[in-house]
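Structure record follows, encoded as structure tokens.
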Amino acid sequence: MAMMITACSVYSFTGVNTTAETISIQNFFNDSGEGPANLSQRFTEELKDYFQQNTNLTLVDNDGDLQLEGSITGYRTRPVAPTAARSDEVADVAGLTRLTIQVNVDYINVQNEELNFNRGFSFYEDYDSRNSTLASEEDRLIEVIFDQVVFDIFNATVADW
């Protein structure tokens, strides 16, 4: 059984099923105009780290068998749980605020062009805006959101799930 898996493709227990040997991940740009200054660099590095930790693919600068590039196209907050003002407050405030980040990805699989796509990925995380601010929660929120977006990109590109 092990010989059949090895003979047919590269397989790991993370679900990677590809014969590709290299991957190139270009720097993602922050086209949203929002978020911390290092947002795009942080996302790009997390994406690279995830692929290196969970595949046997060699990361190359350009022209990999698999190629990823794109941009952060959305970074927005919005109230999701309005609450009435307390007697000591001037106005109504949101009990929860949601940060949503959207990333657009161009994926090229040189070995199988039918798998290529241009697609958006997004995720959100809520925080208690009555007791904290975006500035105090931003790092944690970004980490949670990026973890999920990177996982979704991984599954859409190389995971056989």
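Points worth noting:
- Solution diffusion estimate, µm²/s, Stokes-Einstein, the stretch 20-157, Kirkwood Rh from C-alpha pairs, 37 °C, viscosity 0.692 mPa s: 201 µm²/s
- For Asp147, Asp139, order by how many other beta-carbon atoms lie within 10 Å, fewest first: Asp139, Asp147
Coordinate-derived values only; no laboratory data. Since this is a predicted model, take the numbers as computed values, not measurements. So basically every Cβ, Gly included, is an ideal-geometry build from the backbone, and we count neighbours across all protein chains shown.
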